[in-house]
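As structure tokens, the structure follows; a few thoughts come after it.
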Amino acid sequence: MQSTKDRRLSYDDDLWTAFEETFSKPRLKYFLDIATLYDSSLSEPERKDLALQLCQWNVELCESFYVPLQYLEVTLRNRISKALADYCKKDHENDHESEHWHLCKRWVGHDQIDDANKAAESERKYTNNNKLRKALSEEGREGKKSVHNVIPALTFGFWVTTFKSESTLRDRYSIIFACQNQRHPKFLLPNALYDDVCPKLDRIRDLRNVIAHHGAIFDLELETAYKEICYLLELLCPTTCTAMKQRNNFLVVWKSKPEAEILNRIKESIKDEEQQP
């Protein structure tokens, strides 16, 4: 398997012209400006070479966050789903099967839930047209919308917002989080857990959105973001967190930055400019 460094792009006129067409000139200009900020004495080919390296490194960093973000998002939404099912079962009219909380009357008129139900219905129709999936799918057998199709149809933003806005979930943190033991005594207080988790979820959601739109992330506080993802995932399930850490390569990619200490120098330069009167 090639190392990250071996896969680095190198400048030539044809590649730069192609990238201007496919990645767009404004996008390349951002990386070129960073390269110029790093060392304005570099020749144009050298600056373009460094810009291409930064562009490629950014792609690899986005890729390296796929595993941590997926582990966190899937775990979080399944934990919250269980808590919502418990809430609807105990506190609302039992007009649905306990796990299918999305069918509870409480959510009537909720746009995101309605959209997710429509998406699940489309999935059901697709399932009914596929014999193998129909044979394996409980939804196909029972012919009804399943919570297991609704959950992934809802956005990460929905789950973050629901965690923040549903005060009833604070009574069900024992369902969502697996960490409530003597190692984390402050988490026995719901408000302390809420205040600790919510800002981290907001920051991770913002990073996820930038990555989803293939934006530039290499100059963000990615080490902190990775630590926060690990922290939250450990609160949700320590075993799953350990499995994630063994299967992602963020730290390797992060340490393969082009040019030794380039980002630190750039940040120091920006800081000096901002401090000038």
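Inside segment 1-89, counting only helices (runs of 4 or more DSSP H) that do not spill past its ends, which hold 2 or more residues that are in contact with a Ser or Thr (Cβ under 9 Å, 6 or more places away or on another chain)?
Working: elements: 13-22, 25-38, 44-64.
Here the list reads 25-38, 44-64.
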*Count of segment 50-102 residues which are among the small types (Gly, Ala, Ser), farther than 30 Å from His214 by Cα and either modelled with pLDDT of 95 or more or in contact with a Phe, Trp or Tyr (Cβ under 6 Å, 6 or more places away or on another chain) (or both)*: 1
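Please find, within segment 184-228, the residue that is nearest to the chain's Cα centre (by Cα) out of those that are assigned to a helix (DSSP H, G or I), among the acidic types (Asp, Glu) and modelled with pLDDT under 95.
By that ranking, first place goes to Asp196.
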*In segment 103-131, the residues that are small (Gly, Ala, Ser) and modelled with pLDDT of 80 or more*: Ala116
*Select, from Tyr71, Tyr66, the only residue that is among the aromatic types (Phe, Trp, Tyr) and touching a Lys or Arg at 6+ places or on another chain (Cβ under 9 Å).*
Tyr71
*Would segment 23-39 turn up any residue that is hydroxyl-bearing (Ser, Thr, Tyr) and modelled with pLDDT under 90?*
yes
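The values are calculated or read from the model by the stated rules, or taken from the named source; none is laboratory data. Because the structure is predicted, anything quoted here is derived from the model rather than measured. Cβ: placed from backbone, ideal geometry, glycine included. Neighbour counts: every protein chain shown.
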